[in-house]
Amino acid sequence: MEYNEADFVEYAFKEMGISILKREGKYFFLANNFEVEVEGKDLYRLSNAGWVISPFHDIGALCNFIKANAS
């Protein structure tokens, strides 16, 4: 069975209460102009309004960062 990292990210966002405005494959569009791209297994690029904030290697840290910076 093939593991889909983007499906895992969607599950993690839902479990952490992070609303997904739109998903296009490996791209997630969230509130407050946050965008997440799944670049690979355990590698996620977070952007805000087109500016790259940071790569994340831990889905928990990514979710916590998004939640802490939600207005």
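No lab work stands behind these numbers, since they all come straight from the coordinates. The model shown is predicted, which means the values in this text are computed figures rather than measured ones. Backbone-built Cβ (ideal geometry, glycine too); neighbour counts: all protein chains shown.
Between the Cα long axis of helix 59-68 and the first principal axis of the chain there is an angle of about 20°, rounded to the nearest 10.
When its C-alpha radius of gyration is set against 2.2 N^0.38 Å (N residues), the stretch 5-68 gives a value of 0.95. Each residue of the stretch 28-37 was assigned a 3J(HN,Hα) from its phi angle through the Karplus expression (A = 6.51, B = -1.76, C = 1.60, θ = phi - 60°), giving 10, 10, 10, 4, 6, 6, 7, 10, 10, 10 Hz with x at Gly and Pro. Computed extension gain for Glu15 through Val52, at 0.36 nm per residue and net of the alpha carbon distance, reaches 10.9 nm.
Rounded to the nearest 20, the Cβ-based charge dipole of the chain about its Cα centre (Lys and Arg +1, Asp and Glu -1) stands at 260 debye.
Here the spin labels are modelled as points 7 Å beyond Cα on the Cα-Cβ line, and at Phe29 and Glu2 they lie 2.5 nm apart. Seen against the Cα atoms of the chain and their longest principal axis, helix 5-15 is set at about 50 degrees. On the basis of the beta-carbon distance and an R0 of 30 Å, Ala70 and Asp42 show a calculated FRET efficiency of 0.85. For the stretch 1-56, trypsin sites (Lys or Arg not before Pro) meeting the loop criterion (DSSP other than H, G, I, E, B) and having at most 12 other Cβ atoms within 10 Å: Lys41.
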